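Since the structure comes first, as structure tokens, the remarks are kept for the end.
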Amino acid sequence: MKQKKAIKGIEGRIIASIIHRGRGAVFFGTEFLNMGRPTAVRQALSRLARVGTIKRIGTSLYYYPSFNEKLGGELPPSADAVAQAIARRTDSKVVASGALAANLLGLSTQVPAQRVYLTDGPSRNINIGAYSLKFIHVAPRRMAAKGKISSLLFEALRYTKPENVNDDVIARLQKALPPEAKKQLRKDLRHGAIWMRPLLARIIGTGK
């Protein structure tokens, strides 16, 4: 009886943490080991998966389902959420690169079959469900920006190339980036390549 109550208590704390993360969250079971004994945490997660509160999408990897409000269907976990969960597990930083970065910022409609991420952790290829994720180790200076959107923007501009960053692209980015992202971008400006700094200044409204 005591053991069942303990597991129920752990399960309640896990559910509270998951709800706090929000729909669409992806996480490893090891992220909850501070809430109880490993066996009890595994049992609690297994039960939550059995009743459909969360979905198991990989070895010890779970998804808190989000839904399309108009159509009512369940949405698949995003590749970026999976990548960020892997980054937390490996205590590393990741940022989408190339076509994926441009797509995430709305500069391209192309969704690459293989999602490529830069990381300060080890290079690796990982398949999770329908996703093929490629992590490429780069020098720390490539990922020196503090803001996630700053790093994403640097990579998107590299992919788009300076000759293709016209007034329309600048206007779209000015509209898409929230004020807090622009504020952080001002601080991260020095981490961008020299050729892109005038473009970044225009995006945040300090350049011509």
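Number of residues in region 156-208 that are among the small types (Gly, Ala, Ser) and over 15 Å from Ala101 (Cβ atoms): the value is 4. If you go through region 125-141 and pick out every residue that is closer than 27 Å to Leu61 by Cβ and of a type in the set (Lys, Arg), you end up with 1.
Listed here are the residues, each with its yes/no results for (1) in the same structural domain as Tyr63 (by TED's automatic domain parsing); (2) surrounded by fewer than 15 Cβ atoms within 10 Å (Cβ to Cβ); (3) under 22 Å from Ala85 (Cβ atoms).
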{"position": "Ala101", "(1), (2), (3)": "no, no, yes"}
{"position": "Leu107", "(1), (2), (3)": "no, no, no"}
{"position": "Pro112", "(1), (2), (3)": "no, no, yes"}
{"position": "Thr119", "(1), (2), (3)": "no, no, yes"}
{"position": "Asn127", "(1), (2), (3)": "no, yes, yes"}
{"position": "Ser132", "(1), (2), (3)": "no, no, yes"}
{"position": "Arg141", "(1), (2), (3)": "no, yes, no"}
{"position": "Phe154", "(1), (2), (3)": "no, no, no"}
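Cβ separations smaller than 6 Å between residues 6+ apart or across chains give the following pairs from region 36-64 residues that are polar (S, T, N, Q) to residues that are part of a helix (DSSP H, G or I): Gln43/Ile7; Ser60/Gly29. Considering region 14-65, the residues that are of a type in the set (Ser, Thr, Tyr) and more than 18 Å from Ala85 (Cα to Cα) include one that is surrounded by the fewest Cβ atoms within 10 Å (Cβ to Cβ), namely Thr39.
Residues in region 98-149 that are over 21 Å from Asp168 (Cα atoms) and of a type in the set (Ser, Thr, Tyr): Tyr117, Thr119, Ser123, Tyr131, Ser132.
One residue stands out among those in region 130-156 that are among the aromatic types (Phe, Trp, Tyr) and under 15 Å from the mean Cα position of the chain (by Cα): the one that is modelled with the highest pLDDT, which is Phe135.
The values are calculated or read from the model by the stated rules, or taken from the named source; none is laboratory data. The structure displayed is predicted, hence computed values, not measured ones. Don't worry about glycine lacking a Cβ; one is built from the backbone with ideal geometry, like all the others, and counts go over all protein chains shown.
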